[in-house]
């Protein structure tokens, strides 16, 4: 989807090991994305991303074994679609996020 609509200029991340790796740094550099790290030990710097990271970890990363990179991509994509297209979010009136930008029965484009 990013090649079609572009990459964000900045991604706010915490100090978790998944975000301080050389691979994510190289990816961000290659795509022109700045990784904006919150201060160590200050989760309140970005409560939204902390909440999202907790949900991603609890609902997806800790819930599955990833056997291959392709398996991980498939499971993460399924969770992303669920999170954005099916799961009601309290912060937006128990609506699904995609309903705020698209027709309610529309889904995000295939990978």
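For the stretch 6-23, the criterion of being more than 22 Å from residue 96 (Cα to Cα) and in a helix (DSSP H, G or I) is met by at least one residue. Please specify each residue of the stretch 1-60 satisfying the condition of being touching a strand residue (DSSP E or B) at 6+ places or on another chain (Cβ under 8 Å) and exposed (fewer than 10 other Cβ atoms within 10 Å of the Cβ). The answer is 9, and nothing else.
Within the stretch 37-60, does at least one residue satisfy the condition of being modelled with pLDDT of 85 or more, under 16 Å from the mean Cα position of the chain (by Cα) and part of a loop (DSSP other than H, G, I, E, B)? No, that holds for no residue.
Could you list all residues from the stretch 62-77 that are in a helix (DSSP H, G or I) and more than 12 Å from the chain's Cα centre (by Cα)? Quick ask: steps written out before the conclusion?
So the first thing to find is which residues in the stretch 62-77 are in a helix (DSSP H, G or I), and the list is 69-77.
69, 70, 71, 72, 73, 74, 75 - these are the residues of the stretch 62-77 that are in a helix (DSSP H, G or I) and more than 12 Å from the chain's Cα centre (by Cα).
The values are calculated or read from the model by the stated rules, or taken from the named source; none is laboratory data. Note that the structure is predicted; figures quoted are calculated from it, not measured. Note that each Cβ is placed from the backbone with ideal geometry, even for glycine, and that neighbours are counted across all protein chains shown.
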